[in-house]
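Below is one structure, written out as structure tokens, with a few remarks after it.
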Amino acid sequence: MQTADLREQFQAFGKLYDYDVSYLEHMLDVSPAAAAKFSQLADLAQHCEAAPKEAMFAAKLVGALAEDCGPCVQLVVDMAREAGVSAANIEAVLTRDRAAMDVDTSVGYRFAEAVLHRTSEADTAREVVRAQWGDAAVVDLTLGMQIGRVYPMVKAGLGFAKSCQRVRVADAPVDVVKEAA
């Protein structure tokens with residue numbers, strides 16, 4: 001893809017989601033080849049063939065929460081809302097309130113938390129996902145969680161993760177809980 005086309009794609013994405021893409025533009029300026037390769041992660045970030053959207057976005061949010069203090073988490077929140085995930089489920093993940101999550105959200109959340117923190121529950125959580133939706137869902141949730149971590153880390157590595165922001169769900173601020181209890 002040509003540099004001008006990629007810049008246009010980044011800017012359109014930024015405008016659509018009210019998201020600062022300056023780190024992507026910087027990457028494009030200093031290493032067009034790296035920016036072109038990095039942009040291909042967008043396809044992988046959208047991959048989901050077996051897990052329900054509620055579980056998928058719970059995993060993505062857990063990944064983003066592990067590495068970000070607001071802008072990237074907000075982006076995942078906005079994408080989840082766009083996909084039809086309820087504000088209540090999104091807020092439950094952000095506040096780590098498993099009792100308020102529906103079953104699919106809780107399964108995705110529990111899996112992502114266990115894998116992310118490498119707890120003794122990881123094998124059990126993986127088996128629950130496998131039993132509910134199959135091995136492809138394990139792949140979906142794993143990739144969703146990890147890709148949710150990549151973007152904020154690249155942003156931080158390039159020196160562009162300088163500001164935090166209050167996360168909003170359905171136009172209401174949410175007090176995000178950064179670590180599970």
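Here, each number is a calculation from the coordinates, and none is a lab measurement. Note that the structure is predicted; figures quoted are calculated from it, not measured. Neighbour counts run over all protein chains shown; Cβ positions are idealised from the backbone, glycine included.
What the table shows:
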read-out	value
With eigenvalues of the C-alpha gyration tensor scaled by 5 and rooted, the stretch 1-106, Å	30, 14, 11
Any cysteine of the chain lacking a neighbouring Cys Cβ under 4.7 Å - listed by number	CYS48, CYS72
Linear extension gain, ARG130 paired with ARG118, 0.36 nm per residue minus alpha-carbon span	2.5 nm
Alpha-carbon Debye profile of the stretch 47-123, log10 I(q)/I(0) at 0.11, 0.16 Å⁻¹	-0.23, -0.50
Amide H within-cut-off set for GLY70, under 5 Å, with H built and near neighbours excluded	GLN165
Ranking of ARG166, ARG126, ARG118 by count of other Cβ atoms within 10 Å, fewest first	ARG118, ARG166, ARG126
Over the stretch 103-174, equivalent-ellipsoid semi-axes from the Cα gyration tensor in Å	27, 16, 11
Amide H within-cut-off set for VAL169, under 5 Å, with H built and near neighbours excluded	VAL174
Net +/- balance of residues flanking VAL85 in space, Cβ distance below 13 Å, scoring K and R +1, D and E -1	-3
Net charge of neighbours whose Cβ lies under 13 Å from the Cβ of LEU158, counting Lys and Arg as +1 and Asp and Glu as -1	-1
Ordering of 59-68, 6-15 by packing [mean C-beta count within 10 Å, highest first]	59-68, 6-15
Distant-in-sequence amide H partners of VAL177 (H built 1.01 Å from N, under 5 Å)	THR95, ARG96
Gyration tensor (Cα) of the chain, equivalent ellipsoid semi-axes in angstrom	28, 18, 14
